[in-house]
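Asker: Got a structure for you, written out below as structure tokens; questions coming shortly.
Values in this text are rule-based calculations from the coordinates and carry no lab data. The shown structure was predicted, so the numbers you read here are calculated from the model rather than taken from an experiment. Neighbour counts run over all protein chains shown; Cβ positions are idealised from the backbone, glycine included.
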Amino acid sequence: MKWARDRVQSGLVAPLAKQENNRFSRARPAPRERRVRITQATESRDKQGRSFLTFAIDVRFVDAEWNENDIVGCVYKGSGDLFVKRGDAYRPAAFLLGKNVDPVPGVCEAAPPPRA
């Protein structure tokens, strides 16, 4: 699971921290800390057979408790693609970095187990 944590850290947490360095923004203040948690023990496969793991990013502001699940999503094993959940849909993680991207149907959804 280290690969997943490293990918979320480099592909989402680090770019978010870099983007939030602007003190003069009207956006919420940047968290003091972020931590990545992989929220499942084994990989799942989507309907197309691609392996993924789900993750959560928790945040902590100055002198505060951890706020769990500030960002939730999944990371795909082969490609390293990152998706984040907004509402009932998953979008590419670039959405959080200001890109206008549409939801992607079927990602981060485990396929039902094969029938015996």
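Asker: So what is the 222 nm mean residue ellipticity for the chain from helices alone, if each DSSP H run of at least 4 adds -39500 (n - 2.57) and you divide by all residues, rounding to the nearest 500 deg cm²/dmol? Don't skip to the answer; put the middle values down first.
Answerer: Values: 2 runs with 13 residues, N = 116.
Using -39500 (n - 2.57) per qualifying helix, the result is -2500 deg cm²/dmol.
Asker: Cross-link list Lys18/Lys99; Lys18/Lys77; Lys47/Lys99: which exceed 23 angstrom alpha carbon to alpha carbon? Show your work: numbers first, answer last.
Answerer: On the way: Lys18/Lys99 15 Å; Lys18/Lys77 25 Å; Lys47/Lys99 26 Å.
Those over the limit are Lys18/Lys77; Lys47/Lys99.
Asker: Still on this structure, please answer the following. Go ahead and collect, in residue order, the members of region 81-116 whose backbone nitrogen is under 17 Å from a label point 7 Å along the Cα-Cβ direction of Lys18.
Answerer: Those under the cut-off are 82, 93-99.
Asker: Just want to confirm a number: the relative contact order over the chain, from Cα pairs under 8 angstrom separated by 6+ residues, in percent.
Answerer: Details: 187 pairs, mean separation 25.5, N = 116.
Dividing the mean separation by the residue count of the chain yields 22 percent.
Asker: Compute the convex hull volume of the Cα atoms of region 64-116, divide it by the residue count, and report the result per residue in Å³ as a whole number.
Answerer: 140
Asker: Using the per-residue mean of other Cβ atoms lying within 10 Å as a proxy for protection, in what order, highest first, do the peptides 106-115, 57-66 fall? Before the final figure, lay out the partial values.
Answerer: Working: 106-115: 11.4, 57-66: 13.5.
Those peptides, ordered most packed to least, come out 57-66, 106-115.
Asker: Using Cβ contacts closer than 10 Å as the measure, can you line up Leu16, Leu97, Leu53 from fewest to most? Intermediate values should be presented prior to the final figure.
Answerer: Working: Leu16 18, Leu97 14, Leu53 23.
With the sparsest Cβ surroundings first, the list reads Leu97, Leu16, Leu53.
Asker: Could you give the spread of the C-alpha atoms of region 2-97 along their three principal axes, from largest to smallest, in whole angstroms?
Answerer: The Cα atoms of region 2-97 stretch 44, 24, 24 Å along the principal axes, largest first.
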